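Notes to accompany the following structure.
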Ligand code: NAD
């Protein structure tokens with residue numbers, strides 16, 4: 001190579017290497033995300049993943065003590081006023097409207113909604129009271145509708161697109177024993193996501209679903225009545241259940257809150273810009289395995 005050309009190439013390579021070493025801009029910088037069920041295992045992990053990419057998060061929940069613990073934990077690790085909380089029951093229409101209005105005033109809007117607040121409560125069909133059935137429908141279906149509706153209103157006015165992520169369940173696709181109310185409500189969530197994806201597409205509002213398989217670690221669901229019901233259905237204890245879920249998956253691995261958070265990050269980020277109305281099963285390969 002002529003001397004000048006060799007020099008140019010070397011200079012260019014050095015400049016490239018410098019660029020590689022420079023801190024990368026965070027992919028969610030300036031974004032505002034509302035996470036319902038933000039005091040729970042999956043909600044907290046998702047909020048943390050978003051914070052790590054520079055987003056501001058609003059944790060919404062009904063459990064005041066857990067909400068404070070989750071917020072204190074996250075605020076202690078991310079500087080700036082990037083973690084806020086709101087007490088919001090997703091089944092309370094007035095509370096949902098007011099929370100979204102407050103977000104518009106405080107943050108100037110919302111870019112990402114993670115609809116994740118949930119319970120798990122079911123019984124054999126003959127023992128499923130109307131109250132139990134309605135509880136599942138109210139929180140898991142109506143609640144997802146209410147928060148999505150309010151998010152849609154803001155996203156449309158902002159006219160900058162946006163992303164809604166539903167944390168549904170593998171049980172919304174496949175039946176689970178003695179859990180018809182929960183499974184049906186989760187199936188409704190999934191279909192609501194498809195319908196909203198169609199409605200939002202023209203405005204660039206994407207709606208996608210993460211379906212976890214059992215996530216025992218960090219989940220409050222797995223310390224209450226759901227644990228007793230599953231333990232009784234499968235005749236084993238918590239460790240036995242965790243082992244059972246792991247063994248029946250293709251990968252023979254337990255699913256963790258961080259795994260769901262990673263999928264929820266992908267679906268809310270530009271990396272999934274061409275995906276809407278879709279589902280990611282984070283299940284270690286359980287949904288497609290015929291092992292039990
Ligand atoms: P979690 O109990 O740790 O968190 C759920 C949070 O939702 C709690 O903080 C709870 O207070 C809150 N919540 C409940 N009802 C609410 C309401 N009406 N309004 C506002 N907040 C409410 O459980 P998790 O494992 O983090 O579950 C998160 C989501 O993932 C749920 O929708 C659940 O159905 C789904 N999911 C969980 C599993 C699992 O095995 N953990 C599996 C599949 C799907």
- Message: If residue 201 meets every condition in (1) free of Cβ contacts under 8 Å to residues at least 24 places away in the same chain; (2) assigned to a helix (DSSP H, G or I); (3) surrounded by fewer than 16 Cβ atoms within 10 Å (Cβ to Cβ) apart from one, which number is that one?
- Response: (1)
- Item | Residue match in region 167-183 (condition: in a strand (DSSP E or B) and either surrounded by 15 or more Cβ atoms within 10 Å (Cβ to Cβ) or without any contact (Cβ under 8 Å) to a residue 12 or more places away in the chain (or both)) | yes
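Looking at 126, 106, which is the one that is more than 19 Å from residue 55 (Cα to Cα), more than 16 Å from the ligand (Cβ to nearest atom) and assigned to a helix (DSSP H, G or I)? Reasoning before the result, please.
Working: 106 fails: more than 19 Å from residue 55 (Cα to Cα).
One residue alone meets the criteria, 126.
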- Query: Would you call residue 66 within 14 Å of the ligand (Cβ to nearest atom), over 17 Å from the mean Cα position of the chain (by Cα) and in contact (Cβ under 8 Å) with a residue 40 or more places away in the chain?
  - Reply: yes
- Item | Residue ID - modelled with the lowest pLDDT, chosen from residues in region 79-91 that are in a loop (DSSP other than H, G, I, E, B) and within 20 Å of the chain's Cα centre (by Cα) | 82
- Based on what the data block shows, is residue 155 surrounded by 16 or more Cβ atoms within 10 Å (Cβ to Cβ), closer than 21 Å to residue 265 by Cα and out of contact with any strand residue (DSSP E or B) (no Cβ under 6 Å at 6 or more places or on another chain)? no
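When the residues of region 206-219 are narrowed to those that are near the ligand (Cβ under 8 Å from one of its atoms) and over 16 Å from residue 182 (Cα atoms), which ends up surrounded by the most Cβ atoms within 10 Å (Cβ to Cβ)?
Step by step, filter region 206-219, then rank; the result is 216.
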- Message: Restricting to region 138-163, name every residue that is touching a helix residue (DSSP H, G or I) at 6+ places or on another chain (Cβ under 6 Å) and not in a helix (DSSP H, G or I).
- Response: 162, 163
- Taking region 18-49 and keeping only residues that are assigned to a helix (DSSP H, G or I) and in contact with a helix residue (DSSP H, G or I) (Cβ under 8 Å, 6 or more places away or on another chain), one is left with 41, 42, 43, 44, 45, 46, 47, 48, 49
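The values are calculated or read from the model by the stated rules, or taken from the named source; none is laboratory data. Just so it is clear, the model here is predicted, and its values are computed rather than measured. With ideal geometry, Cβ positions are generated from the backbone for all residues, glycine too; neighbour counts draw on all protein chains shown.
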